[in-house]
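Here the structure is laid out as C-alpha cells; the discussion comes afterwards.
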Amino acid sequence: MATKASSIEYLLDQLSALDGLTTRKMFGEYALYRHGTVLGFVCDDALFLKITPEGRAAAGDLYREGQAYPGSKPYLQADQDAWEDRAWLVELVRVTGEAVTWMKAKKRKPAVKKPSVKKPAPKKKR
C-alpha cells in the first residue's frame, strides 16, 4: 500500500513550524528532507526517522522501531495516530534533523589536495 498524498500534506502541515522540510516521492513512498538532508521516509502512511540518541529521548514512551520496507535497517517509527500531537512531532523531527546534520558534518573529511606528479617527457628517438 503506497502512502497517500493527503497523508504527506497532513504531515507537512503538522510540521509547518520547522523550516526547510521537503519530501520527494520515491517508488510510491516518500523521503523526508530537512535542508537537503534525508531524515527518514514515509511508507504506508507511517513516518520512519533515522535513529539517533536525541530522537530516542524525544520519542519517550512512544519510541518504537520498525522497518520502512522489507530488508531496511531499523528506523524510529511514528504511525499516523502519533502525528496528532503536533508539539511532540515537531520536537522529534527537529532533534533528529539536528543530530543527522551533525553526524553528516562529522563524517565529512576535509579535502586533501593530492600532490601533482609530473610524468617524464617521452624520450626522442634518434
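Take the Cβ-Cβ distance between T101 and K124 as r, set R0 to 41 Å, and report the resulting FRET efficiency rounded to the nearest 0.05.
Here the calculated transfer efficiency is 0.10.
Around F48, what is the net charge, scoring Lys/Arg as +1 and Asp/Glu as -1 over all other residues with Cβ under 12 Å from its Cβ?
Numbers: positive: K50, R64, K73; negative: E29, D44, D45, E65, D79.
Here the count lands on -2.
About its Cα centre, how strong a charge dipole does region 1-78 have in debye, to the nearest 20, once Lys and Arg get +1 and Asp and Glu get -1 at the Cβ?
Details: 8 positive and 9 negative charges, 53 e Å.
In debye, rounded to 20, region 1-78 gives about 260.
Expected output is a single nm value to one decimal: the length gained when fully extending between D61 and Q80, i.e. 0.36 nm times separation in residues minus the C-alpha distance. What is it?
5.2 nm is the gain from fully extending D61 to Q80.
Report the calculated FRET efficiency for K73 and T22 (r = Cβ-Cβ distance, R0 = 30 Å), to the nearest 0.05.
Numbers: r = 22 Å, r/R0 = 0.74.
Taking R0 as 30 Å, the efficiency between K73 and T22 is 0.85.
Kindly state, to the nearest 0.05, the FRET efficiency for D13 paired with H35, given R0 = 22 Å and r defined as their beta-carbon distance.
For R0 = 22 Å, the calculated efficiency reads 0.70.
Read-outs: derived from the displayed coordinates by stated rules, not from any lab. Note that the coordinates shown come from a computational prediction; the quantities given were computed from them, not determined experimentally. Heads up, the Cβs are rebuilt from the backbone with ideal geometry, glycines too, and the neighbour counts pull from every protein chain shown.
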